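All remarks here apply to the structure that follows.
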Amino acid sequence: MSRETYWTDDPAELLRVREGFELSATDSHAHPGFDGDKHAGQAALAEGAGILADLQEQLFAMSRMGGDERRILLVLQAMDTAGKGGIVKHVMGSVDPQGVALAAFKKPTPEELEHDFLWRIRKQVPGAGMIGVFDRSHYEDVLIGRVRALASPEEIERRYGAINEFEAELAATGTTIIKVMLHISRDEQKARLTERLVRPDKHWKFNPGDVDERLLWNDYAAAYQAVFERTATTDAPWFVVPADRKWYARLAVQHLLIDALEAMRLDWPQADYDVAEQQARLAAS
């Protein structure tokens, strides 16, 4: 059966953060808009991989030969273990890597701390024809910054405004911004962290600091709620994706990307040479 058979509603509409949204009332185990099980979801993801790959290649080709300046920026935010790496591997892994720009933002370096928080972000903005992926992002500076009191309340408030201006600037210059918060439950996170400690092949994924951050769960939930209220805009919408079911989270993000690319009405660029002439030259060579 086709992947579209199982989508009963557009997930982009169901998952988009709108006025009055409450993270605490959002079911992290749900699969909004998809009327299928894990097996159906995995089959739909495999089918969508080919669609996404073709669209990404068109975007890349149009920038290289057609002079198209458009690009996509996928921002991934989440609590630990929610599946950001799985999105990168299982969704973005299906497209040509030369058309993907991945940036994973860790703790700022001393050099980065000497500049405004957006300094290091601007350096990683994707170029024309690219799909940029931020594994964590500028939002760390208003999430951890708020929860860990790394900046004053006044500075955090300033950063919300700076983020909105930055994203509006990106949108005005051809960037489609898709901001995704992978929403995992506290119980599911505990199960995934437990698995990392039980399985030797997953020990490398465990960080004792993950438990420290887990103890601040409610503080992070409040920080995310503030982010949604202050930075969910028309130019740069937020989508909260239930992530207790990994298969659904991957499928939903893939769908958001396909939707964004299809909205661009892409095509293959016209050759800037005489095709018939080159065919003749090739035949005679």
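The values are calculated or read from the model by the stated rules, or taken from the named source; none is laboratory data. Only a predicted model underlies this, so the values are computations on that prediction, with no experimental measurement involved. No Cβ is skipped: glycine too gets one built from the backbone with ideal geometry, and neighbour counts run over all protein chains shown. All accessible areas refer to the heavy atoms of the entire protein, side chains included, with ligands and DNA or RNA removed. Shrake-Rupley method; radii C 1.70, N 1.55, O 1.52, S 1.80 Å.
Taking 51 Å as R0, compute the FRET efficiency from the Cβ-Cβ separation of Arg122 and Asp37 and round it to 0.05. Spell out each step's value before the answer.
On the way: r = 43 Å, r/R0 = 0.84.
Approximately 0.75, to the nearest 0.05.
Quick check: residue separation of Ala191 and Glu112 times 0.36 nm, minus the Cα distance between them. What number comes out in nm? Could you put the intermediate results ahead of the total?
Numbers: separation 79, 0.36 × 79 = 28.44 nm, distance 3.48 nm.
Full extension of this stretch gives 25.0 nm more.
What percent do you get for the relative contact order of the chain when only Cα pairs under 8 Å and 6+ apart count?
Relative contact order, the chain: 32 percent.
If the label point is 7 Å along Cα→Cβ of Asp235, which residues in segment 103-122 have backbone nitrogen under 16 Å from it?
Answer for segment 103-122: 118, 122.
Using the Karplus curve 6.51 cos²θ - 1.76 cosθ + 1.60 with θ = phi - 60°, work out ³J(HN,Hα) for each residue of segment 213-230 in order, rounded to whole Hz, and write x for Gly and Pro.
Per-residue couplings from phi come out as 5, 4, 5, 9, 3, 5, 5, 5, 4, 5, 5, 5, 4, 5, 4, 4, 5, 9 Hz.
I need the calculated FRET efficiency for the pair Arg265 and Met65, taking r as the beta carbon distance and R₀ as 22 Å, to the nearest 0.05.
0.85
Mind checking the angle between helix 153-172 and the chain's longest principal axis? C-alpha axes, 0 to 90 degrees, to the nearest 10.
Rounded to the nearest ten degrees, it is 10.
Using the heavy atoms of the protein chains alone and a 1.4 angstrom probe, what is the accessible area of the chain per residue in square angstrom?
51
So, taking all protein chains as they sit and a 1.4 Å probe, how much accessible area belongs to Val125, in Å² rounded to tens?
Rounded to the nearest 10, the figure is 40 Å².
Multiplying the sequence separation of Arg16 and Glu154 by 0.36 nm and subtracting their Cα-Cα distance, what value in nm do you get?
46.9 nm
Shape verdict for segment 130-198, please, from the Cα gyration tensor: rounded (a/c under 1.5), prolate (a/b greater than b/c) or oblate.
Oblate shape, in that a/c is at least 1.5 and b/c is the bigger or equal ratio.
For Leu14, what accessible surface area do you get with a 1.4 Å probe? Give it in Å², rounded to 10.
90
Would segment 186-231 count as rounded, prolate or oblate if I go by the C-alpha gyration tensor, calling it rounded below 1.5 in a/c and otherwise prolate when a/b exceeds b/c, oblate otherwise?
Working: a/c = 2.89, a/b = 2.83, b/c = 1.02.
Prolate.
Can you give me the distance in nm between label points at Trp204 and Ser24, each placed 7 Å from the Cα along the Cα-to-Cβ direction?
Using points 7 Å along Cα→Cβ, the separation is 4.1 nm.
Among (1) 73, 64, 45; (2) 71, 48, 42; (3) 56, 40, 38, only one was calculated for this model; which label is it, if the read-out is Cα extents along the principal axes in Å?
Computing Cα extents along the principal axes in Å and matching it to (1) 73, 64, 45; (2) 71, 48, 42; (3) 56, 40, 38 gives (2).
Report, in whole Å, the centroid distance computed from the Cα atoms of segment 1-53 and segment 192-223.
26
Could you tell me which of rounded, prolate or oblate describes segment 222-277, using a ≥ b ≥ c as the square roots of the eigenvalues of the alpha-carbon gyration tensor, with rounded for a/c under 1.5 and, failing that, prolate when a/b is larger than b/c and oblate otherwise?
In terms of gyration-tensor shape, oblate.
Of all the accessible heavy-atom surface of segment 1-129, with the other protein chains kept in place and a 1.4 Å probe, what percent is carbon and sulfur?
Numbers: 3380 of 6710 Å².
Here carbon and sulfur together make up 50 percent of the probe-accessible area.
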